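Quick notes on the structure that follows.
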Amino acid sequence: MVDDSTTWFFVPYDQLNHEIFPWSEGNRENNGLILIESRMKGNSLNYHKQKLALLLSNMRHFAAEAKELGHPVKYHFTDGNYHDSLAEMHAEFGEINLVTPAERSLRVELMPLVEGGKIRLLPHDGWLTKREWFTETVGNTPPFRMDKFYQRVRKETGVLMQDGKPMGGKYSFDAENRLPWKGDPPAQRELFFGVDEIDNTVMRLVTEEFAHHPGNCDLSKVPTTLEQHNQALKWGMDNMEFFGPYEDAMSSRSRYLFHSKLAISVNLHRLSPQQIVDSALATNAPINSVEGFFRQMIWREYVKHVHDVTDGFRTLEVYDEHAREPNFLEQNNPLPAAYWGAKTGLNCLDEVVSSVMDEGWTHHIPRLMILSNFASLLDINPRQLTTWFHEAFIDAYDWVVEPNVLGMGTYSLGSAMMTKPYVSGTPYINKMSDYCKNCKFNPKKDCKVSNLYWAFLERHKESFKGNIRMAMPLRSLAKRSDEKKAQDVVAYEEILSALTEGREYSCGQLRLTH
Ligand SMILES: Cc1cc2nc3c(=O)[nH]c(=O)nc-3n(C[C@H](O)[C@H](O)[C@H](O)COP(=O)(O)OP(=O)(O)OC[C@H]3O[C@@H](n4cnc5c(N)ncnc54)[C@H](O)[C@@H]3O)c2cc1C
Ligand code: SF4
């Protein structure tokens, strides 16, 4: 029998926090928690096994921790969806409370129960910033630009401010944070976590019942208990000193370099954003690192606001209702098997994809300047790329992955979020990584990534007309000889056809076979 004095809360998979949500208020014995493992959700996308295991194990550990704290806990398993389970539970529990879900998909699914009075929606206090700080500085319509919002956040919170002015004399130290990494200072060793009975049960479940899903599954690589998330926080903070200068560097010797890996914890709310920011501010790290890190945490808030005010971009003109996607450059090539691990012979792409298949994670720059860059240069459909990111990354949820891929990684929103596309050729990859050292292509002789870059500009030059930030590259393109432009087209066609057919690329394939 259910006790009438209990208030019941449905706790979605990404609200796994014991302190910041309303169930921490008052007597915990009176705050009942409902958690639901939905097989339908697990199969709704081709999720990476590591992602499924991360979520399930964290939910199960959270439930065990909540019981220890005194909460009544109802842990429910279903083959169906959240809506149907909660509709049934309403008969038993009465009105169910729900902190507004971060994910649009869950909000949409549960809206009929909210409208029908079965679920009471509560505000989500797990964010650092208020919606009005965003709307008053950025607005509800494009162009969306981060700078004014960021400055407002600094002023409102007083973070890294002194006498109303930014510490160090400027708001951003980004220009100082672009060093390549040559092995010194040494990167911290990877953090491994103890694996308990819950983890082992979840790993067995995922490898058996989701055997057809991609990727590896190893819970010693990610935190699942609260104690482990706190260890992850310490590890992340120990990286802070060099986070800034090497923020953009990529290396096959260390996937992490000085990044925190804390998106995993904060997006599940195992750690709150405030806790992470307070920890970062308490380090003695140089200002370019602390400011850089804080700005990234505010990027996280910023993309959430953009996603919310545009209803996942559905309100934007560039959103095509019929195709259910924005696609400013009209890029429609299918996502090649290379993104699921088929080797391409392009070491930069192969290295980064193998990291994703292994653990569902890479840091920001491989996501932007390798994975998204290649997809843009090859005219891969941006929605297909976004779905892949959503499935393959362990920190991906609709509100964060869509703005990052559609708005930043590709130019599918046009200039709504970025002034120009993030695309680059060989010199950038060679400068910022050590990938070229182990590649069968020579970055100074026969690498074709720069040809892809020029071919991309040539194909889309009409779309960039009038864009001041693109004026210089377009001037350089105009000076490029016809002979070189013909080589660019060959490189594009050869690489695209090799990757589309799932085989390795070698120079001159088209000429040999034609
Ligand atoms: C194409 C693309 C796809 C991305 N997809 C995701 C995603 O699915 N989920 C996700 O959380 N982040 C995503 N990001 C943002 C960013 O790459 C990751 O948050 C970051 O790499 C996670 O690693 P970390 O925890 O070590 O972050 P750190 O480099 O240590 O940064 C600190 C924190 O800042 C936050 N952060 C930094 N940049 C961003 C950003 N652009 N958007 C949101 N939060 C940010 C994260 O919470 C992160 O934990 C994406 C970026 C790109 C370019
Ligand atoms: S040589 Fe070219 S293909 Fe090879 S790793 Fe470098 S940029 Fe990538």
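The values are calculated or read from the model by the stated rules, or taken from the named source; none is laboratory data. The model shown is predicted, which means the values in this text are computed figures rather than measured ones. Methodologically, a virtual Cβ is constructed for each residue, glycine included, from the backbone with ideal geometry; neighbour enumeration extends over all protein chains shown.
For region 235-294, filtering for residues that are of a type in the set (S, T, N, Q), within 10 Å of ligand 1 (Cβ to nearest atom) and part of a helix (DSSP H, G or I) leaves 2. Just to be sure, is residue 338 more than 15 Å from ligand 1 (Cβ to nearest atom), of a type in the set (A, V, I, L, M) and over 20 Å from the mean Cα position of the chain (by Cα)? Judged against the criteria, residue 338 is not a match. Of 19, 65, all but one fail to be modelled with pLDDT of 95 or more and not in a loop (DSSP other than H, G, I, E, B); the exception is 65. Scanning region 342-354 for residues that are in contact (Cβ under 8 Å) with a residue 40 or more places away in the chain and either acidic (Asp, Glu) or under 17 Å from residue 187 (Cα atoms) (or both) yields one hit, 351.
Listed here are the helices (runs of 4 or more DSSP H) enclosed by region 433-514 that have at least 1 residues being within 17 Å of residue 344 (Cβ to Cβ): 449-460, 482-500, 509-513. Under the condition of being within 16 Å of ligand 2 (Cβ to nearest atom), on the phi > 0 side of the Ramachandran plot and buried (at least 23 other Cβ atoms within 10 Å of the Cβ), the residues counted in region 333-392 number 0.
If you filter region 115-155 down to residues that are of a type in the set (D, E, K, R) and under 15 Å from residue 295 (Cβ atoms), you find that the one that is surrounded by the fewest Cβ atoms within 10 Å (Cβ to Cβ) is 147. For region 417-446, give me the residue count where each residue is of a type in the set (Ser, Thr, Tyr), within 20 Å of residue 364 (Cβ to Cβ) and near ligand 2 (Cβ under 9 Å from one of its atoms). Residues that pass the stated criteria total 3.
Here is a yes/no grid of residues against (1) in contact with a helix residue (DSSP H, G or I) (Cβ under 6 Å, 6 or more places away or on another chain); (2) in a loop (DSSP other than H, G, I, E, B):
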{"site": "231", "(1), (2)": "no, no"}
{"site": "300", "(1), (2)": "no, no"}
{"site": "307", "(1), (2)": "yes, no"}
{"site": "311", "(1), (2)": "no, yes"}
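When residue 330 is tested against the conditions (1) under 19 Å from residue 406 (Cα atoms); (2) touching a helix residue (DSSP H, G or I) at 6+ places or on another chain (Cβ under 8 Å); (3) not in a helix (DSSP H, G or I), the lone failure is (2). Looking at the structure I just gave you, is residue 150 at pLDDT 95 or above, over 30 Å from residue 436 (Cβ atoms) and in a loop (DSSP other than H, G, I, E, B)? For residue 150, the condition - at pLDDT 95 or above, over 30 Å from residue 436 (Cβ atoms) and in a loop (DSSP other than H, G, I, E, B) - is not met.
Only one of the listed residues (424, 376) is part of a helix (DSSP H, G or I) and closer than 30 Å to residue 182 by Cβ. That residue is 376. Name the residues in region 383-428 that are more than 13 Å from ligand 1 (Cβ to nearest atom) and touching an Asp or Glu at 6+ places or on another chain (Cβ under 8 Å), would you? Hit for region 383-428 is 383, nothing else. Restricting 503, 459 to residues that are of a type in the set (Lys, Arg), within 20 Å of residue 330 (Cβ to Cβ) and surrounded by 14 or more Cβ atoms within 10 Å (Cβ to Cβ) narrows the list to 459.
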